[in-house]
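Right, one structure below, let's go through it.
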Amino acid sequence: HPSYDYTDFVEGLRPTDKDSNGKKLDTMQFVRKNGVFKEFCKDAVKEENKGKDFIFLIDEINRGDLSKIFGELFYAIDPGYRGEKGKIDTQYQNLIPKDGNKDFDENNADPFRHGFYVPKNVYIIGTMNDIDRSVESMDFAMRRRFQFIEVTAEDSAKNMNIEGEAQKRMGALNECIVSDKIDLSSAFQIGGSYFLGKDDKPLPDTYNFENLWKYRLEGLLREYLRGEEEHSAKEKMEILEKAFNFGYLFKDTEQEPIQNIQNEGNTPDNSNE
């Protein structure tokens, strides 16, 4: 999130009223504390020679200011700088005690007391929605350090076991979104998570899909169409709603279906359309 920073992720000064032995102090003090990623790497380096891999997952990685959060780790996470050969001094390196044997488990020595590095057995995975406006401000230096793999709406439906009525409505709506009538890219297609209910289970065929449209999908799609003329946006919303409810894509003039994904025998009565 926007307030997350280097001291949360790598290391920083934190207030405490206890000493290293847990004894309560008379006054409050500030001590250096590892952030979540450095602590993670501390665990990983202990297992580096045992063939164990560590995966660090950052959900919605684009939500934070990555330059501010990673700091000098911009270089440390690069594959070419992994391991001890890529050691760097962090911003609080001078506060780390340098004593302790090479085997840092003895005397509780810090493995990064002579410089921080990202172990070779650490893998970083970041997720993002590529239509979020915050993606535009993502540092290109950071982009170059990641491989990008697209997870499509269809992939998400398959991974979440979306099937039956939910799958048909989701498929019809997503086909409509990328059709010439709506003219949005596949990045705007609706993912499978919208079709999950309690306990992350797929919505049953008996679910009230009208509420799903009204309270979750309609507002989102309207936001996607923000900036278009009011008449055009309204017309497109009507087409999207019909696609979701009936599995139809509509022509410009005649209000007749050009595609019907409903199972034979389940075609809705459109006499009042």
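The values are calculated or read from the model by the stated rules, or taken from the named source; none is laboratory data. The structure presented is a predicted model; accordingly, all values stated were derived computationally and were not measured. Here Cβ is always computed from backbone atoms with ideal geometry, including for glycine, and neighbour counts include all displayed protein chains. Side chains included, ligands, DNA and RNA excluded: accessible areas come from the protein's heavy atoms. Shrake-Rupley method; radii C 1.70, N 1.55, O 1.52, S 1.80 Å.
Report, ordered by chain and residue number, the lysines lying within cross-link reach of Lys85, taken as a straight Cα distance under 19 Å and ignoring same-chain residues fewer than 8 apart.
Within reach: Lys38, Lys42, Lys46, Lys98, Lys102, Lys120.
Quick one: accessible area per residue over segment 1-94, 1.4 Å probe, rounded to a whole number of Å²? Walk me through the numbers on the way to the answer.
Details: 5820 Å² over 94 residues.
Accessible area per residue: 62 Å².
What is the local net charge at Ile149, summed over the other residues whose Cβ is closer than 14 Å to its Cβ (Lys, Arg +1; Asp, Glu -1)? Kindly include the intermediate steps, with their values, before the conclusion.
Working: positive: Arg143; negative: Asp130, Glu150, Asp155.
Spelling it out: positives minus negatives among the neighbours equals -2.
Taking the highest mean first, how do the peptides 3-13, 52-62 order by number of other beta carbon atoms within 10 angstrom per residue?
The densest-packed peptide leads the list: 3-13, 52-62.
For segment 131-220, what is the convex hull (Cα atoms) projected area averaged across all directions, in square nanometres?
7.4 nm²
Report the net charge of residues surrounding Gly83, where surrounding means a beta-carbon distance below 12 angstrom and charges are Lys +1, Arg +1, Asp -1, Glu -1.
With Lys, Arg at +1 and Asp, Glu at -1, the neighbours total +1.
What is the set of long-range amide H partners of Gly12 at a cut-off below 5 Å, with H atoms built 1.01 Å from backbone N?
Residues meeting the amide H criterion: Lys33, Gly35.
Could you pull out the pairs from Lys18/Lys87; Lys158/Lys234; Lys198/Lys242; Lys168/Lys214 whose alpha carbons sit more than 28 Å apart here? Spell out each step's value before the answer.
Values: Lys18/Lys87 31 Å; Lys158/Lys234 31 Å; Lys198/Lys242 26 Å; Lys168/Lys214 18 Å.
The answer is Lys18/Lys87; Lys158/Lys234.
Is the C-alpha gyration tensor of segment 1-59 telling us rounded, prolate or oblate? Criteria: a/c under 1.5 is rounded; beyond that, a/b larger than b/c is prolate, otherwise oblate.
Since a/c reaches 1.5 but b/c is at least a/b, the shape of segment 1-59 is classed as oblate.
Which order do peptides 235-245, 193-203 fall in by mean Cβ count within 10 Å, highest first?
235-245, 193-203
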